[in-house]
1. May I ask you to verify whether THR283 is buried (at least 22 other Cβ atoms within 10 Å of the Cβ) and at pLDDT 85 or above?
2. Could you list all residues from the range 217-250 that are in a loop (DSSP other than H, G, I, E, B), among the acidic types (Asp, Glu) and surrounded by 18 or more Cβ atoms within 10 Å (Cβ to Cβ)?
3. Out of all the residues in the range 120-138, is one or more of a type in the set (Val, Ile, Thr) and outside any helix (DSSP H, G or I)?
4. Among VAL104, VAL110, which is the only one that is of a type in the set (A, V, I, L, M, F, W, C), over 22 Å from the mean Cα position of the chain (by Cα) and within 30 Å of MET161 (Cβ to Cβ)?
5. Among the residues of the range 295-327, which ones are surrounded by 16 or more Cβ atoms within 10 Å (Cβ to Cβ) and within 24 Å of GLY135 (Cβ to Cβ)?
6. Tell me, which residue of the range 161-180 that is over 20 Å from PHE105 (Cβ atoms) and crowded, with 16+ Cβ neighbours inside 10 Å is modelled with the highest pLDDT?
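The values are calculated or read from the model by the stated rules, or taken from the named source; none is laboratory data. Note that the coordinates shown come from a computational prediction; the quantities given were computed from them, not determined experimentally. Methodologically, a virtual Cβ is constructed for each residue, glycine included, from the backbone with ideal geometry; neighbour enumeration extends over all protein chains shown.
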Amino acid sequence: MDGTAKIIAGRSFMSTHALGVACGLAAGVWLGAAEAPTKLVNSGLSPYAISLCMVAGVFTARWTVPTLLKGTRYVFADLRENKHLLPNAILAGMLWAVANTLTVFAIRDVGLTIAFPLWNTNSLVGIFWGWLLFGELKGASGKNVAKVMLGALAIIVAAVMLGFSTIHGEGPHAGRAVSGVLAAAGASLLWGTMYIPYRKAYISGMNPLSFVTIFTIGELGTVFALLLSLDGGTKAAIFHSPETKHLLFWLFLGGFAWVIGDLFQQYTTKYLGIGRGVPLSNTNQMWGLAWGVLVFGELAHADITHKLLVVGGSLVMILGALAVSTAVATEREHASTNETLLRECDRYQLDYQRVSRAYRGAESGDRNEHRAWWDYAILATALGVFVYLGLNAKVPPLAMNIAWVWVLAGVAVATAGVCGWGLWKTTKFS
């Protein structure tokens, strides 16, 4: 790489840092919002069934959003160009599905208060894998290393504070505490490890929109297999309960919100790396708590101690996110990343110039992005599914503050609009 190329690459990396930070924070907003629809469901369905319904909504959205933004011709051209990465995408989906199932058991056995902070330690797992496998933070200044590490730890501490703010009543059964902690720890390990296929795909030049299209195959297949093998097979209540159709809309809606958040999470992983991206997206707990407190009144009868934990935890999380977001990579760290790109290109005989451009969000633009007739059919089908489920939906009689629903939904939409516009203007969703 000559001097001029280094300067251009450095400018490109610098220009995408702020975009990666914005996407990480937007991911937190949408991943937190994805928890809200599950509050509306108290159906008696098993955790496997609820997870399957949400992932079905995820599947619908994962094929719809890339089609809307780029078109299937572009997506499949990218997949053909990076076919060696298809197993990685499927594996990432499988890891997510197993981790998500473990969280269900963790919540059951030790409660969300303890489980959420435990699996949010995936920030530290992600930092380790990013350093070991992809050269992240290698060559970074001591100041940047401190910002990332202390910022990630601050977000975990904030998660603990926010978690304890929700404690009301008695704790879990002692007999299940160990299994619950192990389940949460297992989810943390798998969710932190899940970012390895993410990062590998993006340093090989794959588009996040293409990656998530294949990701969902492993995701849906694994969740479906878990339900068939561990929840009664074809006799499971999800296939026979007449009440299921009234709940599907809310679960699909939660899955759709999760997909929007995960897409932003994919872009922040691409442009910031695992070590910086994961802690930023883990701010989702603060937004999930905002929905619980402001919309559902979860702390309406809390004492001053719990309310102070909410305020203090939120401030600590903001400071942690600020520390991570200001750790702008130096030229030496970019050189380490470039070595990783060269290694991947040599391993799979890839065109270095093409991969480098795609990694920086500067694709050559020679792929066909014109919509085919089937693209419109896919979009119409997805819209029809949501309309049908919405017409058959019933809202459970839960007390909600509708004003705050509109405020938080407005924040989420505005965040998606701003970050989506930034992605389009800067990278054309590359």
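1. Criteria met by THR283.
2. Listed by number, the list holds a single entry, ASP231.
3. Yes - at least one qualifying residue is present in the range 120-138.
4. Working: VAL104 fails: over 22 Å from the mean Cα position of the chain (by Cα).
Just a single option satisfies the conditions, and that option is VAL110.
5. GLY320, ALA321, ALA323, VAL324, SER325, ALA327
6. Among those residues, the one meeting the criterion is MET161.
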